[in-house]
1. Is it fair to say A:Asp66 is modelled with pLDDT of 55 or more, part of a loop (DSSP other than H, G, I, E, B) and surrounded by 11 or more Cβ atoms within 10 Å (Cβ to Cβ)?
2. Just name the residue that is farthest from A:Arg217 (Cα to Cα) out of those in segment A:104-145 that are in contact (Cβ under 8 Å) with a residue 40 or more places away in the chain and of a type in the set (Gly, Ala, Ser).
3. If you take the residues in segment B:51-88 that are in contact with a Lys or Arg (Cβ under 8 Å, 6 or more places away or on another chain) and part of a helix (DSSP H, G or I), which one is surrounded by the most Cβ atoms within 10 Å (Cβ to Cβ)?
4. Quick one: is B:Asp78 over 12 Å from the mean Cα position of the chain (by Cα), in contact (Cβ under 8 Å) with a residue 40 or more places away in the chain and closer than 22 Å to A:Arg227 by Cα?
5. For segment A:177-196, what are the residues that are more than 11 Å from chain B (Cβ to nearest Cβ), in a loop (DSSP other than H, G, I, E, B) and touching a residue at least 60 places away in the same chain (Cβ under 8 Å)?
6. Give all pairs with beta carbons closer than 8 Å in which a residue from segment A:201-217 that is away from chain B (no Cβ under 12 Å) meets a residue that is part of a helix (DSSP H, G or I) and among the acidic types (Asp, Glu); count only pairs at least 6 apart in sequence or on separate chains.
7. Would it be correct to say that B:Asp12 is among the acidic types (Asp, Glu), facing another protein chain (nearest Cβ under 9 Å) and surrounded by fewer than 21 Cβ atoms within 10 Å (Cβ to Cβ)?
8. Assuming B:Met48 fulfils every condition listed in (1) at pLDDT 95 or above; (2) within 30 Å of A:Val238 (Cβ to Cβ) apart from one, which condition is it?
Amino acid sequence: MVGFDRGFDRDNGAEGDRPAEAGAHGDSTVQDGDPRVAVETRTRGEAYADLRQVVRTGWDRHQRFDTPRSELAMFRAERASPEAMRIIVAADQGGGHGHIRHEGWVTEEASMRRVAYLEDPAQLDPGRRRAGIDGLRPGDRNHLCASRSTRITDPDAFATVLARGSAHPDVRAALSTPYDRDSRPGPVRIPIADLLGSDGHRACTGWQLEPVAGSTRTAVDNRRAWRTAIADGRQPDVPEPRAHPVPTFEGGTIVFAVSHNRQRNGYEIATLFPQSPAHDLTHH
Amino acid sequence: MDEDFYWKRHPDRPFATLIRITTTYLHPEADDPESLQRLARREDRPEMRVFKAELRQAITHPEQLPSDELFDHVQYDDGSDEAFLRRLWRELYGDEPPVTESGLHSTP
């Protein structure tokens, strides 16, 4: 299986990320009422992206992170179970976007379309998402994405990263930087294994642009040109962007970006996302 | 990008400040050009004087940049280092020329 064959508008405007719809059930779907067979709730696009991720990286989408529940509960002692959900809700009260673009609710398909077509998972309006409009920045600004889009697939693992990362000395040092309204600390990288244990990388997946003529830089440039042509109603003069799964996150890091809080009187974690090790920058 | 950020691996090498600041404010996951524009106007920040000098140097001699480090860190889609650096200069310093006609750097 090569490439990414669900191109822009090829589903005739159907909402690709809708979590469940009757017409999208796979071949193995059975009629309601049979209690012994699971009903396929994913769209075809979601199932396609999931399958590619499974085949290329061995990702087990049913594997659940072994949650350190007591540890998460201690993160904010006044909060009750379920711990991870509450941590993510707490994150949602801030101005960060890590839980919106890099957490388990983002599907494999959405992650794939983000890096290939610059469709922002945080943009809840389907038309604006397909038009490449950012979902968080004000106005109609184009969404930006690096040459990869990555996520922590399990919400408990994400909450654990957030809890442990927030307590890590390097992140604490960044957050404790004397406040300046015009500047902010640089990003911090922490090994995935330090935050999630030796198997923690299995909770991470990602998609990366396929290099063009061996060049990731060219692929990034072409993606912008392709996106611009589509927005202008022109026929793109560059190839349609393609994406493939990041082979592995073993040995990788979690990047924490720090920015101003909503009150603009201190710093907070603006986002966090997994990054695979350097040798995976090239196409496998 | 290697195991850690360029400025961590080579804090004393040329362009470490340029790469650190552009990564901090312009990487797609943390894009905040407005803050960088405000910061660029701050004359009380010594690091911004270094940043401006390194940006000038990179525009004048892009071949001196450490291989693909700038792109790998910032992930811009301008087509080349030179295009990115010149756009950045315009956005931060407007019509101020990065280099005088004589080829010497203009004074800040």
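1. Judged against the criteria, A:Asp66 is a match.
2. Selected residue: A:Gly104.
3. So the residue we want is B:Phe71.
4. no
5. Of everything in segment A:177-196, those that are more than 11 Å from chain B (Cβ to nearest Cβ), in a loop (DSSP other than H, G, I, E, B) and touching a residue at least 60 places away in the same chain (Cβ under 8 Å) turn out to be A:Thr177, A:Tyr179.
6. Correct list of pairs: A:Thr205/A:Glu108; A:Trp207/A:Glu108.
7. In short, no.
8. Of everything listed in (1) at pLDDT 95 or above; (2) within 30 Å of A:Val238 (Cβ to Cβ), B:Met48 misses just condition (2).
The values are calculated or read from the model by the stated rules, or taken from the named source; none is laboratory data. This structure is a prediction, so every number in the text was calculated from the model and none was measured. For neighbour counting, all protein chains shown are included, and Cβ atoms are generated from backbone atoms with ideal geometry for every residue, glycine included.
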